[in-house]
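Novice: Please find one structure pasted underneath; my questions will follow.
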Amino acid sequence: MAKHIFVIGGVLSSLGKGIASSSIGVLMKEMGYNVIMQKFDPYLNVDPGTMSPFQHGEVFVTDDGAETDLDLGHYERFIGTPLSSRSNATSGQIYERVIMRERRGDYLGKTVQVVPHITNEIKTLIRQMGKKDDDIVITEIGGTVGDIESLPFLEAVRQFALKEGRSNCVFVFLTYVPYIKAAGELKTKPTQHATTKLREIGIQPDFLLCRSEQPFSNDVKEKIALFTNVSPEHVINAIDVECLYEVPRVYIKDGLHKMICKQLQIEERPIDFSSWDKIIDNIKNPDKDVIIAVCGKYVEHRDAYKSVEAALIHGAAGHRAKLNIKWVDSEKTNCPEKIAEALSGVDGILIPGGFGIRGIDGKIAITRYAREHNIPFFGVCLGMQVAVIEFAKHVCGLDDAYSTEFEEHCKQPVICLLDDQHDLELMGGTMRLGAWDCQLKPDTLAMSIYKKESISERHRHRYEFNNDYRELIEKAGMTISGTSLNDFLCEIVEIPTHPFFIGVQFHPEFKSRPQIPHPIFFNFVKAALDRHYTAKSENK
Ligand code: GLN
């Protein structure tokens, strides 16, 4: 049976439970254990794919096409293992399943209740994770202790641990120890109270990860330990770090991995952290600079672009470059003066994915600027569609080129919904989701980036390049360098006469890893660096 680590949060939200869980994942993985991760989201939404990026940030997509919480992106980036739809469940989905069963009469008229029906369903989901060769299952419970919504999950894991025993289950509790300036002290009371709340539910945490801005002394540790019924060495000072990928190091320093192994009665193995140290060093000690403009409508809500930002960080770190992102609000950047001002001095322009018409004209104008000024350009999903629209409009002379997403009956729909006659069951009003194979054309930028003929990338979109315009657009100088295996769907476009201009219908950012930056992001940053340093030497 797999061993289980449950990560629960207390005191307040936004303490980085996803990063803490992922970092524990790194410890176990780097000791050579097979790790799988899972997140429970206590909200009632059934479909995280329809949740507003304003509130919830990015929708992360797995290979099997699940639209999930963005924490799964952290998990994949830290433990390096592709996850599936099994790794995320919301209260809404769990209740829906139980209610469907009730409607089918599966409960034979018995009273259907949170305990045991919902809690049993949760336990089943936890058990399902620890199959095959998984050694360690890490389960993060969303929300904060004290929330009404997370109670069924806490009750379920309490029951689970009672059944499986404490040598098979570890509870890690993430809390906060604030520094009160006026008193000049670190305060342990919020951690004490939150732990009391957890113990009232019947869960005694084994480890406390106490976030704090300042390092704390042994006295503080001992005080926390005494009041929370945890041994002092199990109280870890999870001090703030400069770079996300340093968090596992903080835990290693306090021996968390050793203590977890001891409790789970598994062999403690040496940790090889060298590949992480290298990437941390690259991020913290860059020897060059690069400025990338990311132009979208959620620039005030950057969680909406979490994986894009992470992939840019990986790409820059691969060149030991300091990444400076200039967030450009496409809605406010729509006239030539504003565009020139916003983009002056940037080395590369990225248009990320998105839905809806808001900010589209700005994105088209920004893309035009990138094309005409030879600034490295990278369009992701909607960004690729915008690149096609812009090229059709200003190079092919199709003045009315647009996407039917923005104007259903537009005259020149270069991007549109494809109809069912093409035998694509996922088309129509439904999203194309998850991993799709794509074949690359020889002697193209795409091929030189990927260095192979066939790739697989994750999708999340409804609209597609309209094949009726394929010939015209290709003749005018935009190359379609990647297509679906049947050659029917256009997946990648590029402009060979431009120093670096690429648009992809998929979301490569989901597959970027700190140690293995995604090749498009890596090469995009390289093109931007080339421009940065050429422009500088030309100005000398
Ligand atoms: N809105 C576009 C579509 O649905 C692009 C989606 C995206 O960028 N993820 O096709």
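The values are calculated or read from the model by the stated rules, or taken from the named source; none is laboratory data. Please read these numbers as outputs of a predicted model, since none were measured by experiment. Note that each Cβ is placed from the backbone with ideal geometry, even for glycine, and that neighbours are counted across all protein chains shown. Calculation scope for accessible area: heavy atoms of the full protein, side chains included, ligands and nucleic acids excluded. Shrake-Rupley method; radii C 1.70, N 1.55, O 1.52, S 1.80 Å.
Novice: Give me the number: length gained by fully extending Glu300 to Ile516, i.e. 0.36 nm times residue separation minus the C-alpha to C-alpha distance, one decimal in nm.
Specialist: Difference between extended and current length: 74.9 nm.
Novice: Given labels modelled 7 Å from the Cα in the Cβ direction, how far is it in nm from Asn374 to Asp106?
Specialist: Label at Asn374, label at Asp106, 6.3 nm between them.
Novice: When only alpha-carbon atoms are used, what values of Rg and Dmax, in angstrom, describe region 344-443?
Specialist: Values for region 344-443 (Cα only, Rg and Dmax): 14.9, 47 Å.
Novice: Now, a different point. For region 194-240, give the percent of accessible area contributed by carbon and sulfur heavy atoms, probe 1.4 Å, rounded to a whole number.
Specialist: The computed percentage sits at 46.
Novice: Which order do you get for Thr111, Thr191 if you rank them by accessible area with a 1.4 Å probe, largest at the top?
Specialist: Numbers: Thr111 100, Thr191 0 Å².
The residues order as Thr111, Thr191, largest area first.
Novice: Taking a label point 7 Å from the Cα of Lys332 along the Cα→Cβ vector, which residues of region 268-302 have an amide N closer than 15 Å to it?
Specialist: Answer for region 268-302: 294-302.
Novice: When the chain is fully extended, how far beyond the present Cα-Cα distance does Asp289 get from Asp399, taking 0.36 nm per residue of separation?
Specialist: On the way: separation 110, 0.36 × 110 = 39.60 nm, distance 3.84 nm.
The Asp289-Asp399 span can extend by a further 35.8 nm.
Novice: What is the helix-to-structure angle for 519-539, meaning the angle in degrees between its Cα long axis and the longest Cα principal axis of the chain, kept from 0 to 90 and rounded to the nearest 10?
Specialist: 60
Novice: Let me ask something else. Set the Förster distance to 30 Å, then compute FRET efficiency between Gln204 and Asp133 from the Cβ-Cβ distance, nearest 0.05.
Specialist: According to the calculation, E is roughly 0.50.
Novice: Let me ask you something else. Would you mind telling me the antiparallel percentage of the DSSP bridges in the chain, rounded to 5?
Specialist: 30
Novice: Loop only by DSSP, 12 or fewer other Cβ within 10 Å of the Cβ. Give me the trypsin sites (Lys or Arg not before Pro) in region 137-203 that pass, ordered by residue number.
Specialist: Those that pass, being in a loop and sparsely packed, are Lys181.
Novice: Next question, about the same structure. Separation between the Ile148 and Glu267 pseudo-spin-labels, each 7 Å from Cα along Cα→Cβ, expressed in nm?
Specialist: 5.0
Novice: Taking the Cα centre of each part, how many Å lie between region 486-521 and region 1-50?
Specialist: 29
Novice: When DSSP beta bridges are limited to those with both residues in region 374-521, what percentage is antiparallel, rounded to the nearest 5?
Specialist: Details: 20 of 27 bridges.
Antiparallel: roughly 75 percent of the beta bridges in region 374-521.
Novice: In square angstrom, rounded to the nearest 10, how much accessible surface does Thr534 have for a 1.4 Å probe?
Specialist: Surface accessible to solvent at Thr534 totals approximately 70 Å².
Novice: Another question, then. Apply the Karplus curve 6.51 cos²θ - 1.76 cosθ + 1.60, θ = phi - 60°, to the phi angles in region 254-265 and return the couplings in whole Hz, x for Gly and Pro.
Specialist: 8, x, 4, 4, 5, 5, 5, 4, 4, 5, 7, 6
Novice: Within a Cβ distance under 10 Å of Asn237, other residues only, what is the Lys/Arg minus Asp/Glu net charge?
Specialist: Neighbourhood net charge equals +2.
Novice: Something else: Within the accessible area of region 21-142, what % is carbon and sulfur when the probe is 1.4 Å and the other protein chains stay in place?
Specialist: 50
Novice: Helix 360-372 versus the longest principal axis of the chain: what is the Cα-based angle in degrees, 0 to 90, to the nearest 10?
Specialist: With both axes taken from Cα atoms, the answer is about 60 degrees.
Novice: Turning to a different aspect of this structure: With each label point set 7 Å from Cα along the Cα-Cβ vector, what nm distance links Ser231 and Gln214?
Specialist: 2.9
Novice: When the Kirkwood radius is taken over all Cα pairs of the chain, what Stokes-Einstein diffusion coefficient follows at 4 °C and 1.567 mPa s, in µm²/s?
Specialist: Values: Rh = 25.0 Å.
This corresponds to a translational diffusion coefficient of 52 µm²/s.
Novice: Show that you can apply the helix-only estimate: for the chain, add -39,500 (n - 2.57) for every DSSP H stretch of four or more residues, divide by all residues, and state [θ] at 222 nm to the nearest 500.
Specialist: Result for the chain: -11000 deg cm²/dmol, rounded to the nearest 500.
Novice: Calculate, for Thr497 and Ser84, the FRET efficiency according to 1/(1 + (r/R0)^6) with r their C-beta to C-beta distance and R0 35 Å; round to the nearest 0.05.
Specialist: 0.25
Novice: Could you tell me the center-to-center distance, by alpha carbons, between region 329-363 and region 99-127 in angstrom?
Specialist: About 49 Å separates the Cα centre of region 329-363 from the one of region 99-127.
Novice: Mind pulling the angle between the C-alpha long axis of helix 119-129 and the longest principal axis of the chain? Nearest 10 degrees, somewhere in 0 to 90.
Specialist: Roughly 60 degrees, rounded to the nearest 10.
Novice: Send over a whole-number figure in Å² for the accessible area per residue of the chain, probe 1.4 Å.
Specialist: That works out to 42 Å² for each residue.
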